[in-house]
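The values are calculated or read from the model by the stated rules, or taken from the named source; none is laboratory data. The shown structure was predicted, so the numbers you read here are calculated from the model rather than taken from an experiment. Reconstructed Cβ throughout: ideal geometry from the backbone, glycine too, with neighbour counts over all protein chains shown.
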Amino acid sequence: MSIPTTRELRQHLSLPSTRREFLNRAGTGLGSLGLASLLGQGSQIHAAPGDLSPMTPRPAQFAAKAKHVIHIFLNGGPSHVDTFDPKPSLTKYNGQALPTTNLPTERKTGAALASPFKFAKYGESGIEVSELFQHTARHIDDICVIRSMRAEVPNHEPSLMLMNCGDGRLPRPSFGSWVTYGMGTENQNLPGFIAMCPNGLPITGAQNWRSSFLPGVYQGTYIDTRHKQIEKLIENIRNDQIGSGEQRRQLNLLQELNRRHADQRSSDAALETRIHSFELAYKMQMEATDAFNIEQEPKHVLEAYGNSVQSRQLLIARRLIERGVRFVQLWHGEGQPWDNHDDLEVNHRRLAGECDRAIGALLTDLKERGLLDETLVLWGGEFGRTPVVELPTPGANAGKINGRDHNHHGFTCWLAGGGVKGGYVHGATDEFGFKAVEKPVGVHDLHATMLHLLGFDHEKLTYRYAGRDFRLTDIHGEVVKELLS
Amino acid sequence: MLPPRRRRFDSPQTLIVFCIGTLAVLGGILRAAEPVPAEHLEFFEKQVRPLLVQHCQECHGSKKQEAGLRLDSRRGFLKGTDSGPLIIAGNVDGSRLMQVLGYLPNETQMPPKGKLPAEQIALIRKWVELGAPWPEDPVGNASLEDAAKIHWAFQPIKRPALPAAHSDGRTPVDAFIQSALGAKGLKLSEPADRYTFIRRVTLDLWGIPPTIEDVREYESDASPDATEKLLDRLLASPLYGQRWARHWLDVARYADSKGYVFTAEPRYPYSYTYRDYVVDAFNVDKPFDEFVIEQLAADSVVEANDPRLAAMGFLTVGRRYLNNNHDIIDDRIDVVSRGLLGLTVGCARCHDHKFDPVPTEDYYSLFGIFASSTEPEELPIIGSPKEAAAYAEFQKELAIREKAVTDYEAESLAKVMDELRSRSGDCLLVIARDNQNWLKLPAVFAGKNEPRRQLVDRWKGYLERTAKEEHRVFAPWHQLSKVLPDDFPAHVTKLIDRWKSDEGKTDADKINLLIRNSIMGMPPKSLPELARLYGDTFNQVVGQWDALRKQTPDAKSLPDAAAEELRLVLYGEGSPAVVAMDEARRLVGRDVRDKVTELKRKVDNLKVTSPGAPPRAMVMRDGSPQNSPVLIRGNPGRPGKQVPRQFLQVVAGPDRKPYSKGSGRLELAQSIVDRKNPLTSRVITNRIWQHHFGTGLVPTPSDFGTRGLPPSNPELLDWLSSQLMDGSWSLKRMHRLVLSSAVYRQSSKENAQARAIDPENRLLWRMPRLRIDFEEMRDSILAVSDRLDFSLGGRPFDDVMNSKNTRRTIYAMVNRNDLPGVFRAFDFADVDASAPDRPSTTVPQQALFAMNSPFVIEQARRISAEGQRSATDDAGRLAAIYRKVFAREPSSEEREIGLRYLREALTTPTEKQSPWDRLAQALLLTNEFWFAD
């Protein structure tokens, strides 16, 4: 059972140059048929030379439930004590100094700030969730809440990089690109890794879904869901000069010329692959248009998700997963919307209002379609927020004293589907929610666990680069077994 | 960076062990000259190894190395943890190993699951007494020197003799290749025809295809030196530099932006001067050794303002890693070591290189060189803008924007000093609160909120400096801050009593009168109250001084001696409130820093965008030379021993001398291009080969270490490498050697028999068919539609796929912060680190671009329009388009296919693109256009 070594991958990427060479390689054990077998044993996929693509689907290292990932990223840092980690003691101390010292975070902090939101118990598990995520909470028995997450520093940029790429500073490939590198994708007519963010880019931009030293094909395809027209969503997806019938005729001309050219050259596999890629592209034009067109959904589904741009992209996510896209990342919005240093109550209520309903609908939808078992959903930000109020800092929070600072010492993420243990709370922060104290889970541990759920030993999903075998978790990370069902 | 996990061996005791028995001593004693007796080895295998496997190697083995410790080789025991060895010869009880097995209280206890039974400990004890016998393991125990002795790339380059001439051999390159082919029963393919050859070599050297005129001229040249003349013409054109510079820019991880740098200007204003330098260096055939020296140390070899200073962009155009200096230096070590030497020295940042003879000390030897170099704030001007008026305009605007920065900074400096004075009481209050004796009372500040820590620290530092003397102003503070809260009022009373009784005595406490009076006037009950009292007293003096200066602007002092004494604490030499500009930058608040960043961004923005900004070189200069300590596990918080600035041991040998001139960059460059260095010449030779044939003789072009792949033809590599050095490092000569060979000339036709023997064509029994890369693609499409702008140099242009932009692709903005999707879709080089090669993928996004992008459609339209103009019948028009796109006539079948398409293609109102345009576009999309045979 093996993940491609760099060498194998390069051998693949440079492609055998003839059909004969291809079969030759197949015969010499480099893989009985195509990349699928280069990358993992027991593949049943019969690939024509044209399917020899780095995106060809291939099994993970071992059998596992999760086949897809949806990462709902509440960028800016949602407050855990206002959402999934209730802290009654904060109400007790509201307005007073905590009996313990405030831990250092990005800015100065002061007295305890009680959560303005009501918590209630949900489901058979009776896990408490605040009113902000009441729709999501209906699925709590399918959700595994990790209340003991930890990041490394209280700043957005490194924490975003850590959560997405496994390293706070150095340029490393993103989680989604590692997963598509490891598994390819099931639908060749759509990108394998899609990152959606309405209205523009989050902080640190496209680095969040970069492929870094992995081949560029594994980079996330960015989509600005502000737009509704397909041609604005995916570059070059449509030809505005000719109808599809005439484009087909034009492609037939191209392929006839290509066919003659290839035949004169003993059918070089690289030539064949490129010929094939035009057929894929032609189909992608239809398929992508279809995938992003939520107008095709029945009215009750549209209503269940709601009207915001965040709802729309959550619904698109379901349509993409249905069509076999490997990894979908959904950002709440441009910049860092959840970064509520002030007016937390108003802002968190507004932001949750934009996505809670649709997250609930998505989970319902995935479950009804039997997709939840094979789709791993991750919800969270790059860190949480302090249980204490942020003090006014010139130029930062407009002198209001009603928000929370960044908190990397402890925060909450949750997982659902894909083989996680539902209705389960893992770990805990201290009495006030400042620091993860029980069973702390580092970001590398989260990554290791998610890779495990997808069927990878995180220590073996590696890529040789600059003399070293790199991996998502670098030299860290342990699978948190308690999270697995 | 993560703080290192607490490691079990990190204790003071291990440090002591380290001091007693260093690795060297140990090695000397334990590595006995005589062979280890067989019975000792048997004892080890039967009794000891199983214990190690069972109890130790799970955490200290090949998979995990807790505390940096590996216990699956003898070397692992000798090396020990980060802090020292595990066993000491002749001192069994002093050996760290025995200590941890002993399970002493308050000590590291190993194995963690429980103490081993006494008899097992006795076995291990005996093993240590025997000198830790371990069977030889040729790989695991190979030392640095051994690896350097056996690995091919570290052997000196010796010019090999030419193999016996082959019958159809034309050049030495052919002789070597044919000899290797012959050994496998293979031979070269027949020569390619002239059309194929000129298309291949023009794409190779220029990055665009030849025109029909070029083809006709070459095809009709009957002279014996036709090919030589063609090569001369191609190599002499500046189009060559514009193509081949890009290969080097991949290695140099060239980009026009810095990576994420918070709110500062993300673009480099002058990165383009490095790119232009590289283009020029290739065009003038700058000797490669000079090229290397200039890129590393132009500041020491050329005059100020020499354009060659731009060469140093090689070091400085990397990412800025949130301005973390360790990572910036790491990037520079990486680009130098992988880029120039084919060695992955970066692997030795945290530990000795696991596979190559590069100890972590060597990494920090190079680190010291770059840490001793700085980047000047004001970069040297290396030319003048073309238009004088634009330049004048630029200078005027620049002065305005720069003045805004200096004015604002001067203003904020004054504000900071005012704040330090007017908030002295608040600062003292925080210091009082930090005092261990005083509970953390919620403090009430005179100002709006708590003073910034940096301000408090100024006062804290001042108090620490004055604590040692009987300070006339702060002695009461120093005395009273040592007192416990309960005793405080009594101490104040005692102090006041003493002052009263001291009245008039000569040996009285020499305390400032105003402070004394304040304390006596309202005796403080706590340290915070005392803090406030000091603050109020100081503020009164500030008030007096302000009033006096209003009346008498040139007043030098306050008339009252006691007030003047306090004034000097606030305004005099050594005052915490007198701050230099550099210091003030650290003291200002976030709002001020943000504003400065914003104003500086406006300055940088002008430099990036103004047509009148003069070019500058992104140089480094020598700072104060300093050796770097080894950072244990790469952690800046754990400095180890200092290492001299010097070259890598594996190349320079054990007798290397530390560098002594400045930072050592120039010496480093000289070591790199030293003729005895076995790597540099091989590495660049291999890169040249790689770009002519798609794959290097060494298929891992930036890793010549033991984990890289060996050369397919080592003799040829060495012959070419010696040739390069003997030919005064001329790369154009190297191109000629390769391009005039029969190997390069041969056809790319398939050969089933040869493929059966050498399926990957590593021995080159045919010319590989190569797909054009991103730059070739865009440039070629523009070239065949007669739109390519060949002009040289200058600032990058944005929006690479806008069909209005027609400059060569090498001049497109490379934005590493947000690289446009089209670069990625076409396998552009990784922009974050030195890229040895580019992947070559085929994905539908590339096809979508070709089918649908306005860029391709627009160029097709131009080709079609030109083609239709140039003939009166359809066959003639079709032929004209073929001549443009493929530089050849269509065959009769092709003509038929094309004409049939034109007859069948529909034109309805939805079709904005005419059938002719569609046909021209289809030709641009063909494999024929996208591959070179």
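Per-structure values
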| quantity | calculated |
| --- | --- |
| Residue under evaluation residue B:818, criteria (1) more than 7 Å from every other protein chain (Cβ to nearest Cβ); (2) out of contact with any strand residue (DSSP E or B) (no Cβ under 6 Å at 6 or more places or on another chain); (3) charged (D, E, K, R), criterion not met | (1) |
| Test for residue B:501: is it over 25 Å from residue A:102 (Cα atoms) and at pLDDT 90 or above | no |
| Members of the stretch B:841-860 that are at the interface with chain A (Cβ under 7 Å from one of its Cβ atoms) and either crowded, with 23+ Cβ neighbours inside 10 Å or farther than 19 Å from residue B:771 by Cβ (or both) | B:841, B:842, B:843, B:844, B:846, B:847, B:848, B:851, B:852, B:857 |
| Extreme residue, farthest from the other protein chains (Cβ to nearest Cβ), among residues of the stretch B:584-593 that are part of a helix (DSSP H, G or I) and more than 13 Å from residue B:409 (Cβ to Cβ) | B:590 |
| Selected residue [at pLDDT 95 or above, aliphatic (A, V, I, L, M) and more than 26 Å from residue B:172 (Cα to Cα)] from B:777, B:767, B:801, B:734 | B:777 |
| Meets criteria (away from every other protein chain (no Cβ under 11 Å), in contact with a Gly (Cβ under 7 Å, 6 or more places away or on another chain) and at pLDDT below 95) for residue A:158 | no |
| Among the residues listed as A:274, A:226, the single one being part of a loop (DSSP other than H, G, I, E, B) and on the phi < 0 side of the Ramachandran plot | A:226 |
| Residue B:333 vs. criteria aliphatic (A, V, I, L, M), assigned to a helix (DSSP H, G or I), within 14 Å of chain A (Cβ to nearest Cβ) and free of Cβ contacts under 8 Å to residues at least 40 places away in the same chain | yes |
| Options A:317, A:291: the member that is part of a helix (DSSP H, G or I), buried (at least 17 other Cβ atoms within 10 Å of the Cβ) and in contact with a helix residue (DSSP H, G or I) (Cβ under 6 Å, 6 or more places away or on another chain) | A:291 |
| Residue match in the stretch A:49-62 (condition: at pLDDT 90 or above, farther than 30 Å from residue A:435 by Cβ and small (Gly, Ala, Ser)) | yes |
| Selection from the stretch B:337-358 of residues that are more than 8 Å from chain A (Cβ to nearest Cβ), in a loop (DSSP other than H, G, I, E, B) and out of contact with any Leu (no Cβ under 9 Å at 6 or more places or on another chain) | B:351, B:354 |
| Top-ranked residue in the stretch A:185-202 [being within 20 Å of residue A:75 (Cα to Cα), assigned to a loop (DSSP other than H, G, I, E, B) and under 16 Å from the mean Cα position of the chain (by Cα); ranked as farthest from the other protein chains (Cβ to nearest Cβ)] | A:198 |
| Residue that is surrounded by the fewest Cβ atoms within 10 Å (Cβ to Cβ), among those in the stretch A:296-310 that are in contact (Cβ under 8 Å) with a residue 40 or more places away in the chain, assigned to a helix (DSSP H, G or I) and of a type outside the set (A, V, I, L, M) | A:305 |
| For residue B:888: the one exception among (1) within 10 Å of chain A (Cβ to nearest Cβ); (2) outside any helix (DSSP H, G or I); (3) of a type in the set (Lys, Arg) | (1) |
| Test: residue in the stretch B:528-549 that is over 54 Å from the mean Cα position of the chain (by Cα) and assigned to a loop (DSSP other than H, G, I, E, B) | no |
| Subset of the stretch B:61-78 [in a helix (DSSP H, G or I) and either more than 21 Å from residue B:45 (Cα to Cα) or of a type in the set (A, V, I, L, M, F, W, C) (or both)] | B:66, B:67, B:68, B:77, B:78 |
| Residue satisfying condition, being buried (at least 24 other Cβ atoms within 10 Å of the Cβ) and either more than 14 Å from every other protein chain (Cβ to nearest Cβ) or over 24 Å from residue B:183 (Cα atoms) (or both), within set B:745, B:733, B:682, B:687 | B:682 |
| Sole exception among (1) among the acidic types (Asp, Glu); (2) modelled with pLDDT of 85 or more; (3) over 30 Å from residue B:192 (Cβ atoms); (4) in a helix (DSSP H, G or I) for residue A:240, by number | (4) |
| Residue satisfying all of: in the stretch B:750-774; assigned to a helix (DSSP H, G or I) and within 9 Å of another protein chain (Cβ to nearest Cβ); farthest from residue B:206 (Cα to Cα) among these | B:756 |
| Candidate set from the stretch B:897-911 (those that are outside any loop (DSSP other than H, G, I, E, B) and surrounded by fewer than 13 Cβ atoms within 10 Å (Cβ to Cβ)); member that is farthest from the other protein chains (Cβ to nearest Cβ) | B:903 |
| So residue B:319, is it charged (D, E, K, R), within 24 Å of residue B:697 (Cα to Cα) and surrounded by 23 or more Cβ atoms within 10 Å (Cβ to Cβ) | no |
| Of all residues in the stretch B:924-933 being facing chain A (nearest Cβ under 8 Å) and touching a residue at least 60 places away in the same chain (Cβ under 8 Å), the one that is nearest to residue B:200 (Cα to Cα) | B:933 |
| Any chance residue A:262 is within 11 Å of chain B (Cβ to nearest Cβ) and not aromatic (Phe, Trp, Tyr) | yes |
| Neighbours by Cβ (under 6 Å, 6+ apart or cross-chain): first from the stretch B:79-95, more than 13 Å from residue B:132 (Cβ to Cβ); second modelled with pLDDT of 80 or more and part of a loop (DSSP other than H, G, I, E, B) | B:81/B:69 |
